[in-house]
C-alpha cells in the first residue's frame, strides 16, 4: 500500500484485513509481547503542523514498536519559522533520509501534495476538514473488539459534522463495514448532500442507536458553542439513561467536558473513549507496516 491519504481508497476487504491485523497487534501489546520489527532500518518522519496529543504520540510509539527510526518535526523550532516553504521543508526531510511521512496540517490536501512532491509513502494524520483516516480505522477496531459483528449496527454521529475531519473519514468507513449511519446536528452543521439519514432531533434518535459517536465543536475552524447547542446535543445523564442497555459512547478526543459530553457520562461504563486511545498505537502500527514495507 503506497501511503494512506484517504479511506476512500480502501475497499471493505482491505478495511477488514487492517482491522484484524490491528486487533492482533493490540492483543500482542496487551500481553507485553514484542512485535516483529518490520520497519527495522526504516525512517518515519512525523510532520505535525498543528497541535496533537493522541495522534502524534501514538504514531511515534507505533513506529518505534516496529523498529523504525523516528523524526518528529517541531514547526516552531524548524526553518519553517524562518520563512522556509512547506515544499522545501518536506523535501529537506526526504533528503535527510525519511522513508515514510506522517503529515498533519490545518489545510485540506497537504498530505496529498507532500506525497506528490516527495514520491514517498505518506500517511494522512489529519488535514483540515478533509479526513483523518487512522482515527476512523481505530474507531472501527474499537467497535470490532466490542461487538461480535458490525453489520447492521446503528451509529449516530453527533455534533460539528461540517468542520470535522474525523467525520470525513468515518462516514466512508462505517458504511463499508455494513453499519447504518445517522447524522445528528443542528441544521447548519449537516452536510447538504449526503447519502446518510440526517436529523436535528437528538432526543428522538437516542433510543434507536447502538453507538453514540460524539464530535467536538471545532471552534478553530469556525464552529461556535452556544447554550442552545449544549442544551440540545450534549450527552448528559438523562440522555444516557435513555440509551439502549447495550449501547456505547465513542469520541475521538480531545473531549470538551460540559459541551458535547457531561463529566459523569465521559467516565461511565458505557464510554469506550479510553479504549479508542489504546487502539491508536496498534492501528497505526498496522498502517505503518502496510505502507513502510
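Given the stretch 1-151, what percent of its DSSP beta bridges are antiparallel, to the nearest 5?
Working: 1 of 17 bridges.
Bridges in the stretch 1-151 are about 5 percent antiparallel.
Using C-alpha pairs below 8 Å separated by at least 6 residues, the relative contact order for the stretch 133-277 is 24 percent. Normalised by the number of residues in the chain, the average gap of Cα pairs under 8 Å and 6 or more apart makes the relative contact order 22 percent. The alpha carbon centroids of the stretch 1-42 and the stretch 212-290 are separated by 24 Å.
With a ≥ b ≥ c taken as the square roots of the eigenvalues of the C-alpha gyration tensor of the stretch 133-277, please select rounded if a/c is under 1.5 and otherwise prolate if a/b is larger than b/c or oblate if it is not? Since a/c stays below 1.5, the shape of the stretch 133-277 is classed as rounded. For the chain, the fraction of alpha-carbon pairs lying more than 37 Å apart is 14 percent, rounded to a whole number. Return the whole-Å distance between the Cα centroid of the stretch 133-147 and the Cα centroid of the stretch 60-128. Here the two parts' Cα centres lie 25 Å apart. Over all pairs of different C-alpha atoms, the stretch 1-132 has a mean inverse distance whose reciprocal, the Kirkwood radius, equals 15.6 Å.
Given axes a ≥ b ≥ c from the Cα gyration tensor, I'd like to know whether the stretch 221-275 is rounded (a/c under 1.5), prolate (a/b larger than b/c) or oblate. It is oblate, given that a/c is not under 1.5 and a/b is not larger than b/c.
Note: relative contact order over the stretch 2-82, using C-alpha pairs below 8 Å and six or more positions apart, is 28 percent.
For the stretch 1-49, the Cα-based Rg and Dmax, in that order, read 13.7, 34 Å. Could you state the angle between the C-alpha long axis of helix 54-65 and the longest principal axis of the C-alpha atoms of the chain, as a value from 0 to 90 degrees rounded to the nearest 10? In the chain, helix 54-65 runs at an angle near 50 degrees to the longest axis.
Against the chain, whose longest principal axis comes from its Cα atoms, helix 86-96 is set at around 50 degrees.
DSSP beta bridges fully contained in the chain are about 5 percent antiparallel.
Note on the chain: helix-only mean residue ellipticity at 222 nm, from DSSP H runs of 4+ residues weighted -39500 (n - 2.57) and normalised by residue number, equals -11500 deg cm²/dmol.
The order of the peptides 158-168, 93-103, 34-44 by mean Cβ neighbours within 10 Å, most packed first, is 158-168, 93-103, 34-44.
Taken together, the values in this text are just the output of simple stated rules run on the coordinates, not laboratory data. Please read all numbers here as calculations on a predicted model, not as lab measurements. Here the Cβ is made from the backbone with ideal geometry for all residues, glycine too, and neighbour counts use every protein chain on show.
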